[in-house]
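Accompanying notes for the structure given below.
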Amino acid sequence: KNMNIPYCTFKTRVLGSWQDVTTDDLFKNKKAVVFALPGAFTPTCSSKHLPGYEAKYDELKKYVDEVYCLSVNDSFVMNAWAKDQKVEKVKMIPDGNGAFTQGMDMLVNKEHLGFAQRTWRYSALIINNEVIKIFSEPGKNDSGTDNDPFEVSDADTMLKYLKEAK
């Protein structure tokens, strides 16, 4: 059985003011792709993960209502990173307190990097608040015994799944 996403509120900055955006605002009665990554401005996330989804955004939108990038970072950081990466299509979700990530059972300890708790790298297809498919990178752990794998949570893997599931 598919799991429901956790209900939570994301504290977001929009045009200089705070807005509370709930998971229902983003996912209720919608089809969405979420890809989660350990940190804004970090190497793999900036060189491959986010740009891959930005490049394939229009193609992904043939199958889903929206594409979201989620990280356990605050809204200021997510907005600055989107600007730095020249992201114009993918929408950013700041899971600053890690509530969504914890509810998805994806919170991992990255204290060895000075990152505290962050999200494991994954992508998910969410339809009406329900996780239909999740591509989680192998070796999820709390001890830093990984080299930040990036094998299955990429845009191409999700696109292939969406085409075949259609």
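Please treat every number below as a calculation from the coordinates, not as lab data. Keep in mind the model is a prediction, meaning the values are calculated, not measured. With ideal geometry, Cβ positions are generated from the backbone for all residues, glycine too; neighbour counts draw on all protein chains shown.
Structural remarks
- When the stretch 134-149 is filtered for residues that are among the small types (Gly, Ala, Ser) and either outside any loop (DSSP other than H, G, I, E, B) or surrounded by 14 or more Cβ atoms within 10 Å (Cβ to Cβ) (or both), the ones remaining, listed by number, are Ser136, Gly144.
- The stretch 117-160: number of residues that are on the phi > 0 side of the Ramachandran plot and touching a residue at least 12 places away in the same chain (Cβ under 8 Å): 4
- Only one of the numbered conditions (1) touching a Lys or Arg at 6+ places or on another chain (Cβ under 8 Å); (2) within 23 Å of Phe150 (Cα to Cα); (3) crowded, with 19+ Cβ neighbours inside 10 Å is violated by Asp58, and that is (3).
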